[in-house]
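Reading through the structure tokens given below for one structure.
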Amino acid sequence: MTDSMILPHGGMLVDLLLDPEAATEVRESSTDWPSWDLTPRQMCDLELLLNGAFSPLTGFMGRADYDGVRDNMHLADGTLWSMPVVLDVTQEFADSIEEEDSIALRDAEGLMLARMTVENLWVPDREEEASKVLGTTNAEHAGVDHLLHQANPVYVGGRLEGIQLPVHYDFRALRKTPQQLRTEFARLGWSKVVAFQTRNPMHRAHQELTLRAVKEQGANLLIHPVVGMTKPGDVDHFTRVRCYQAVMPTYPKFTAQLSLLNLAMRMGGPREAIWHAIIRKNHGCTHFIVGRDHAGPGSDRSGTPFYGPYEAQDLMREHAGELGVEMVPFRLMVYVGSRDTYMPVDEVPEGLDTKSISGTELRTRLVEGRDVPEWFTFPEVVKELRRSHPPRDRQGFTVFFTGLSGSGKSTVANVLRVKLMEIGGRSVTLLDGDIVRKNLSSELGFSKEHRDLNIQRIGFVAAEITKGGGVAICAPIAPYDATRKQNRALIEQHGGYVLVHMSTPLETCERRDRKGLYAKARAGIIKEFTGISDPYEEPESAEVVIDTTNISPEEAAQQVFLYLEKEGYIGAAERRTGG
Ligand code: PPS
């Protein structure tokens with residue numbers, strides 16, 4: 001049953017949720033349907049399809065809508081829509097279904113959320129999609145990377161009937177559906193509502209900008225941050241929401257509301273801006289703020305931005321007649337110190353100095369425990385950011401030793417462990433190659449597959465220790481570069497990562513042969529032995545490189561220790577205790 005209704009705010013709103021009785025019936029008849037476990041991205045899309053945020057879509061797009069959106073930003077019926085919303089599945093799953101089949105869509109725990117009736121199945125040209133929708137096939141663009149390297153190869157389109165919305169346990173009171181917001185605006189008598197989209201913490205510039213928009217339009221304000229999926233590396237949504245909550249009391253009374261949007265962003269710049277505006281129209285908003293580089297993925301490796309700073313505004317203007325929501329464009333806001341105020345950069349009188357702090361600089365200041373000035377943001381926001389981004393001497397970190405057997409990994413790792421325990425302040429865990437193979441990885445051998453699995457397990461544990469503010473010292477051979485890089489990416493999300501390459505040459509390791517393994521490997525008794533009959537890929541980007549041929553274990557550990565001090569992982573107080 002697909003139901004739609006006309007409401008005073010924002011036009012037609014699709015509601016795909018079945019009433020409880022019908023939902024029970026569908027669930028009961030689903031026993032022999034194929035099940036698809038939704039990915040985190042698909043969970044976000046499903047929620048916004050079911051609750052009408054993606055009106056007029058009534059399910060994951062079929063082929064005709066997808067082609068129309070990809071090629072000219074319109075659904076098959078001619079309605080403006082800028083972003084594909086598709087269900088991507090594996091070839092194996094696609095082979096198990098046909099058109100007209102019912103599929104049970106489930107969350108990660110297996111809870112059934114919706115029925116999908118299959119209308120189309122097709123293999124898209126994802127490069128073409130990337131180039132037409134996102135404007136590039138360069139995988140340094142986060143949206144392109146997802147599309148080309150993470151999405152599944154087959155698309156399934158079809159109508160949805162919702163059994164229930166995905167469950168959230170965080171900030172429940174702030175997650176308002178389009179219908180709830182429309183009702184709320186009507187109740188409050190808010191006929192003009194400006195929406196503000198954000199995926200970053202809000203600072204004074206954003207507060208000033210939104211307030212200006214409100215005053216210019218004689219409207220009220222909806223702060224509508226994305227809490228679904230944003231750009232990898234963004235501040236986590238828990239921290240951001242606490243920051244937004246701290247900013248809300250700075251608005252004049254009865255002016256602004258905060259609600260969270262479980263959108264999975266594509267970082268699609270201009271096309272994404274149009275999509276965001278349509279979504280806000282569906283939430284009952286009449287105006288939508290588009291600033292500089294809206295939903296931009298940043299720049300490529302050469303420093304060239306993927307989109308022009310005001311390209312999103314230009315595209316919005318082109319489609320103003322069919323958007324159904326009015327754009328409120330803004331230039332970059334900068335602080336004018338002599339007037340103690342923020343202004344759009346193009347309105348600053350000549351000769352006046354302006355100031356701003358970039359996101360990168362803010363992060364550096366937080367990590368280094370430096371001051372964040374009050375002209376830039378609110379003290380309550382700084383407090384929240386500092387709670388989740390403590391300076392380095394209070395963050396967890398991982399020291400990851402890699403090198404041949406006999407290169408000195410375990411010995412030096414152990415000296416480092418003891419030295420860190422001597423200065424105290426953090427728990428220290430040693431994940432030595434042999435210890436891990438006895439405990440975590442006892443069933444594994446030394447094939448590439450097993451070595452990778454072993455290193456991934458070490459990476460997982462080290463990431464958890466780092467997240468908890470502890471120190472993980474890992475000392476496996478870890479011969480493969482790609483697996484080491486995977487670990488780095490995982491661990492760096494939670495704290496420091498220091499790769500130490502024990503570069504002691506094979507001849508030295510073999511001469512030492514403390515365990516007699518090299519002799520056995522040469523005799524062919526041990527197969528796949530690293531350095532003899534199995535590869536070791538030298539890291540190119542290790543933070544510390546140590547050859548232990550002519551130095552003592554203490555001297556080697558001291559090199560790591562000095563690096564940790566230089567980078568601020570060991571603080572002044574600890575240095576004094578360490579002596
Ligand atoms: S890996 O590649 O990172 O998973 O290896 P790791 O877990 O560090 O295990 C290496 C230790 O196992 C012993 N050993 C071997 N090493 C390399 N190749 C083969 N075939 C092999 N067979 C057993 C060896 O003692 C290694 O310990 P270290 O401390 O490196 O000397």
* Looking only at the range 245-265, count how many residues are among the polar types (S, T, N, Q) and farther than 19 Å from V382 by Cα. => 4
* Report, ordered by the first and then the second residue, all pairs with beta carbons closer than 6 Å, sequence separation of six or more or different chains, a first member in the range 409-427 that is over 19 Å from V545 (Cβ atoms), and a second member that is within 16 Å of the ligand (Cβ to nearest atom). => R417/L430; R417/I473
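So, in the range 262-305, how many residues would count as being of a type in the set (D, E) and closer than 14 Å to F54 by Cβ?
Step one: of the range 262-305, the residues of a type in the set (D, E) are 272, 293, 300.
With the extra rule that they be closer than 14 Å to F54 by Cβ, the set shrinks to 272.
Total meeting the criteria: 1.
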* Search result, residues across the range 247-277 that are over 24 Å from P329 (Cβ atoms) and touching a Pro at 6+ places or on another chain (Cβ under 9 Å) -> L260, N262, A264
* Asked: In the range 395-411, how many are over 14 Å from A472 (Cα atoms) and more than 10 Å from the ligand (Cβ to nearest atom)?
  -> 0
* Quick one: in the range 428-456, which of the residues that are within 11 Å of the ligand (Cβ to nearest atom) and among the β-branched types (V, I, T) is farthest from the chain's Cα centre (by Cα)? -> I435
* Any hit, the range 466-475, residues being under 22 Å from V412 (Cα atoms), in contact (Cβ under 8 Å) with a residue 40 or more places away in the chain and either in a helix (DSSP H, G or I) or of a type in the set (D, E, K, R) (or both) -> yes
* Structure fact -> Exactly one of E555, E538 is surrounded by fewer than 18 Cβ atoms within 10 Å (Cβ to Cβ), more than 9 Å from the ligand (Cβ to nearest atom), under 43 Å from the mean Cα position of the chain (by Cα) and farther than 28 Å from A482 by Cβ, and that one is E555
* Does at least one position in the range 457-480 carry a residue that is near the ligand (Cβ under 10 Å from one of its atoms) and of a type in the set (S, T, N, Q)? -> no
* Could you look through the range 373-394, keep only residues that are over 17 Å from G468 (Cβ atoms) and buried (at least 18 other Cβ atoms within 10 Å of the Cβ), and pick out the one that is nearest to the ligand (Cβ to nearest atom)? => L385
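Output the residues belonging to the range 10-36 that are in a helix (DSSP H, G or I), in contact with a strand residue (DSSP E or B) (Cβ under 9 Å, 6 or more places away or on another chain) and among the hydroxyl-bearing types (S, T, Y). Can you show your working first?
Looking only at the range 10-36, we keep the residues that are in a helix (DSSP H, G or I), and these are 20-28.
In the following step, the residues that additionally are in contact with a strand residue (DSSP E or B) (Cβ under 9 Å, 6 or more places away or on another chain) were identified as 22-23, 26-27.
Listed by number, the list is empty, since nothing qualifies.
Hey, which of the strands (runs of 3 or more DSSP E) in the range 314-411, taking only ones fully inside, have at least 2 residues that are touching a strand residue (DSSP E or B) at 6+ places or on another chain (Cβ under 7 Å) and more than 30 Å from V193 (Cα to Cα)? Before you say what the answer is, go through the steps one by one.
Details: elements: 326-329, 333-336, 341-344, 397-403.
Counting at least 2 such residues, we get 397-403.
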* Evaluate the range 525-548: report whether one residue or more is modelled with pLDDT under 95 and basic (K, R). => yes
* **Selected residue [assigned to a helix (DSSP H, G or I) and within 28 Å of the chain's Cα centre (by Cα)] from V247, V235, V214** => V247
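Got a sec? Which strands (runs of 3 or more DSSP E) wholly within the range 59-152 have at least 2 residues that are crowded, with 17+ Cβ neighbours inside 10 Å and of a type in the set (G, A, S)?
Details: elements: 87-89, 102-106, 112-122.
Ranges flagged: 102-106.
Being more than 13 Å from the ligand (Cβ to nearest atom), without any contact (Cβ under 8 Å) to a residue 24 or more places away in the chain and not acidic (D, E): is that true of L562 here? Steps first, answer last, please.
Details: more than 13 Å from the ligand (Cβ to nearest atom): yes; without any contact (Cβ under 8 Å) to a residue 24 or more places away in the chain: yes; not acidic (D, E): yes.
Yes; evaluated as a whole, the condition is true for this residue.
Okay, residues lined up against (1) in contact with a Cys (Cβ under 8 Å, 6 or more places away or on another chain); (2) under 23 Å from M327 (Cα atoms); (3) surrounded by fewer than 16 Cβ atoms within 10 Å (Cβ to Cβ); (4) in contact (Cβ under 8 Å) with a residue 60 or more places away in the chain:
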| position | (1), (2), (3), (4) |
| --- | --- |
| G218 | no, yes, yes, no |
| L221 | no, yes, no, no |
| V227 | no, yes, no, no |
| T230 | no, yes, no, no |
| V241 | no, no, no, yes |
| A246 | no, no, no, yes |
| P249 | no, no, yes, no |
| K253 | no, no, yes, no |
| L263 | yes, yes, no, yes |
* Matching option when the condition is on the phi > 0 side of the Ramachandran plot and within 41 Å of the chain's Cα centre (by Cα), among G516, G496, G531 -> G531
* Asked: What is the residue count in the range 418-432 for residues that are assigned to a helix (DSSP H, G or I), surrounded by fewer than 21 Cβ atoms within 10 Å (Cβ to Cβ) and touching a helix residue (DSSP H, G or I) at 6+ places or on another chain (Cβ under 9 Å)?
  -> 4
* To do: Considering every residue within the range 40-50, establish whether at least one is over 26 Å from L323 (Cα atoms), at pLDDT 95 or above and surrounded by fewer than 17 Cβ atoms within 10 Å (Cβ to Cβ).
  => yes
* Asked: Can you find a residue in the range 282-305 that is surrounded by 19 or more Cβ atoms within 10 Å (Cβ to Cβ) and out of contact with any helix residue (DSSP H, G or I) (no Cβ under 9 Å at 6 or more places or on another chain)?
  -> no
* Asked: If you go through the range 270-295, how many residues are on the phi > 0 side of the Ramachandran plot and in contact with a Leu (Cβ under 8 Å, 6 or more places away or on another chain)?
  -> 1
* Unique match (being at pLDDT 95 or above and in contact with a helix residue (DSSP H, G or I) (Cβ under 6 Å, 6 or more places away or on another chain)) among M333, M327 -> M327
* Structure fact -> Filter the range 345-361 for residues that are within 22 Å of the chain's Cα centre (by Cα) and free of Cβ contacts under 8 Å to residues at least 12 places away in the same chain; the one that is surrounded by the most Cβ atoms within 10 Å (Cβ to Cβ) is E361
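The values are calculated or read from the model by the stated rules, or taken from the named source; none is laboratory data. Computed from a prediction, not measured in an experiment: that's the story for all the values here. All Cβ positions, glycine included, derive from the backbone under ideal geometry; neighbour counts span all protein chains shown.
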